[in-house]
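Just below is one structure, and these are the notes that go with it.
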Amino acid sequence: MMGEIKTVGLLGGGVIGGGWAARCLLNGLDVVLFDPDPDAARKLEEMLQNARRAYRKLTSLAHGKEGRLKIVRTPDEAVFEADFVQESAPERADLKIELLARASRAARADIVFGSSTSGLLPSTLQSQMTNPERFVVGHPFNPVYLLPLVEIVGGNKTSKGAKELAAAFYSTLGMKPLHVRKEVDGFIADRLLEALWREALWLVNDDVATTEEVDDAIRYAAGLRWAFMGTFLIYRIAGGEAGIRHFLSQFGPALKWPWTRLVDVPELTVELLDKIEHQSDAQAGGKSIRELERLRDDCLVSILQALRGYGMAAGATLQRYEERLVAKSNPPVMSKKYELAVPLRLYEAFASSDGGNDAIEKFYAKAFDAARDAFLSYVGVDGSRGFAYFTVETHLAHRGNVEGGAQIHTTTQLRSLDGTWLHLFHSLFRSDDEALLATANQTLMHCDTYHHRACLPPPDVLRRLEEIAGAHARLPLPLDST
Ligand SMILES: NC(=O)c1ccc[n+]([C@@H]2O[C@H](COP(=O)([O-])OP(=O)(O)OC[C@H]3O[C@@H](n4cnc5c(N)ncnc54)[C@H](O)[C@@H]3O)[C@@H](O)[C@H]2O)c1
């Protein structure tokens, strides 16, 4: 019974076994692990630390108590009390066959064994086991504690029950089991990866591209789409309203062109076209091409924005693009063009929020940060001079909701200037109808970033601030400005 899996026996604690240990422990299961490497405990602890860090970022929900880790000296001890065993020893058939045979003799007869093998056939691996019907391949991906996919493959002696139990168990660990219909070398994922990998090796071998250029060709385009729609669904959209059949027919002739070293291609027979069309229709679940396009675009935007936070690949491109937009839209350092008799209108944007409290909250907070930055650059604060204003307090008041895509702008009023302290009041408006959406009070402190201490702003900045402060003192007090 599924609920009874409390202790997991792990054979091998390297990259993959360590990842399994982390996933199990962080899900509250006890782990008993065997690995002949005398350094295994240190490596495991280091991987666990990374996994804990990643889980804290992955979800803010409580994970419950971590399981206990015990490292033992023999495979027999690792499986003796286990309710499930996962083997992650080196990818050598002889070694795995012997290890599984030995461990299966020491384990309870009814517990399921999963193997992390990347592509060895389960029929081979289970051949010397006692009770081989309880053996499945449970092929994970690195890092095991984050990537959800686990391919489940049975051998010729595997029972249906073992496959179902393994799938149910992996699901409780937050994974996505994928049943592989036929026992085939490399299973599904590694066959796909292998095709790409072999082609990549040729490209480097033939000096068509460097290793980095090959990676760029993936991570700036197709890799981003694969993350949420894979290959077939993306190509369905590429076929437009005419559909996947049209796409296949259009690009059918290319299958005969020398676009790849992989030249053994199936004929696009009527049967194959029918099969793909039928399966693709089911996969699309009744969504129109336009709906799928919107879903694709939303997922891409989320991924691009997430990558921007790390300045990685396409996220770095987005970062540079935004910097250019900011440079274009930011006002020049204080010019007469700006009227000081009213609050300064220095920041405009389009709402990125699609509704929902969380999204709106984040968007407002971001808009006020941008309004502050625009104000600081307006008065000539330039971080590269070794000085900066740090925000010490922000009070945000929501007045209304905004729909995604709406144009917004902010106004900024300098409420007070007191030595190193600056108090700003921003208002955020929908530009169409001037509806007030939110306001923010911000207190900032001027600091010397080299010596890490508060100090007065440089004279030119102070002069500008004083000029604005003088003019803004005559403005009425904003409603929410306390
Ligand atoms: N690395 C990957 O990206 C990846 C992904 C999916 C699956 N896999 C598969 O996972 C398995 C493990 O690969 P890895 O990348 O963790 O390799 P690894 O070399 O990092 O780890 C293998 C571990 O097994 C230990 N070991 C050696 N002999 C052993 C034995 N007799 N019994 C138990 N442990 C033993 C080693 O000391 C080592 O710590 C392989 O079958 C591999 O194909 C690897």
List pairs: first in the range 228-248 and over 18 Å from residue 272 (Cβ atoms), second among the β-branched types (Val, Ile, Thr), Cβ under 7 Å, 6+ apart or cross-chain? 237/289; 240/289; 241/289
Got at least one residue in the range 204-219 being among the hydroxyl-bearing types (Ser, Thr, Tyr), away from the ligand (no atom under 15 Å from the Cβ), touching a residue at least 40 places away in the same chain (Cβ under 8 Å) and open to solvent by 50 Å² or more (accessible area, probe 1.4 Å)? no
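Taking the range 142-154 on its own, how many of its residues are farther than 17 Å from residue 55 by Cβ and under 21 Å from the mean Cα position of the chain (by Cα)? Steps first, answer last, please.
Restricting attention to the range 142-154, the residues satisfying the condition of being farther than 17 Å from residue 55 by Cβ are 149-154.
Narrowing further to those that are under 21 Å from the mean Cα position of the chain (by Cα): 149-151.
Looking only at that region, the number is 3.
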Take the range 276-303 and flag every residue that is under 19 Å from the mean Cα position of the chain (by Cα) and open to solvent by 50 Å² or more (accessible area, probe 1.4 Å). 295, 296, 297, 298, 301, 302
Could you tell me whether the range 224-232 includes any residue that is farther than 25 Å from residue 299 by Cα and of a type outside the set (A, V, I, L, M, F, W, C)? no
Which numbered condition residue 57 misses (of (1) over 19 Å from residue 85 (Cβ atoms); (2) open to solvent by 80 Å² or more (accessible area, probe 1.4 Å); (3) within 13 Å of the ligand (Cβ to nearest atom)): (3)
Quick one: how many residues across the range 1-32 are within 14 Å of the ligand (Cβ to nearest atom), open to solvent by 20 Å² or more (accessible area, probe 1.4 Å) and in contact with a strand residue (DSSP E or B) (Cβ under 8 Å, 6 or more places away or on another chain)? 0
Report, by residue number, each residue of the range 414-436 that is open to solvent by 70 Å² or more (accessible area, probe 1.4 Å) and at positive phi. 434
Flag for residue 163 being open to solvent by 10 Å² or more (accessible area, probe 1.4 Å), under 30 Å from residue 59 (Cα atoms) and more than 21 Å from the chain's Cα centre (by Cα): yes
Residue hits (the range 401-413; part of a loop (DSSP other than H, G, I, E, B) and either open to solvent by less than 20 Å² (accessible area, probe 1.4 Å) or closer than 9 Å to residue 429 by Cα (or both)) are 402, 406
Could you tell me how many of the residues in the range 126-141 are more than 24 Å from the chain's Cα centre (by Cα) and within 16 Å of the ligand (Cβ to nearest atom)? 6
Six or more apart or on different chains, Cβ under 6 Å: which pairs go from a residue in the range 186-200 that's at positive phi to one that's crowded, with 16+ Cβ neighbours inside 10 Å? Could you list them? 186/119; 187/139; 187/151; 187/153; 187/180
Could you list, ordered by first residue, the pairs with Cβ atoms under 9 Å in which the first is in the range 114-136 and farther than 18 Å from residue 184 by Cβ and the second is open to solvent by 20 Å² or more (accessible area, probe 1.4 Å) and among the acidic types (Asp, Glu), at least 6 apart or interchain? 128/98; 131/110; 134/110
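Could you list, in sequence order, the residues of the range 94-118 that are out of contact with any strand residue (DSSP E or B) (no Cβ under 8 Å at 6 or more places or on another chain) and either at pLDDT below 95 or more than 10 Å from the ligand (Cβ to nearest atom) (or both)?
Taking the range 94-118 first, the residues out of contact with any strand residue (DSSP E or B) (no Cβ under 8 Å at 6 or more places or on another chain) are 94-95, 97-98, 101-102, 105-106, 108-110.
Passing the criteria: 94, 97, 101, 105, 106, 108, 109, 110.
Report whether or not residue 146 is more than 11 Å from the ligand (Cβ to nearest atom), among the aliphatic types (A, V, I, L, M) and surrounded by fewer than 21 Cβ atoms within 10 Å (Cβ to Cβ). I'd like the intermediate steps shown before the answer.
On the way: more than 11 Å from the ligand (Cβ to nearest atom): yes; among the aliphatic types (A, V, I, L, M): yes; surrounded by fewer than 21 Cβ atoms within 10 Å (Cβ to Cβ): yes.
Yes: the conditions hold for residue 146.
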Which of the residues belonging to the range 33-49 are in contact (Cβ under 8 Å) with a residue 12 or more places away in the chain, assigned to a helix (DSSP H, G or I) and open to solvent by 20 Å² or more (accessible area, probe 1.4 Å)? 41, 43, 47
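The values are calculated or read from the model by the stated rules, or taken from the named source; none is laboratory data. Keep in mind the model is a prediction, meaning the values are calculated, not measured. Here the Cβ is made from the backbone with ideal geometry for all residues, glycine too, and neighbour counts use every protein chain on show. The protein model used for the area step is the full one, side chains on, heavy atoms only, and it has no ligands, DNA or RNA in it. Shrake-Rupley method; radii C 1.70, N 1.55, O 1.52, S 1.80 Å.
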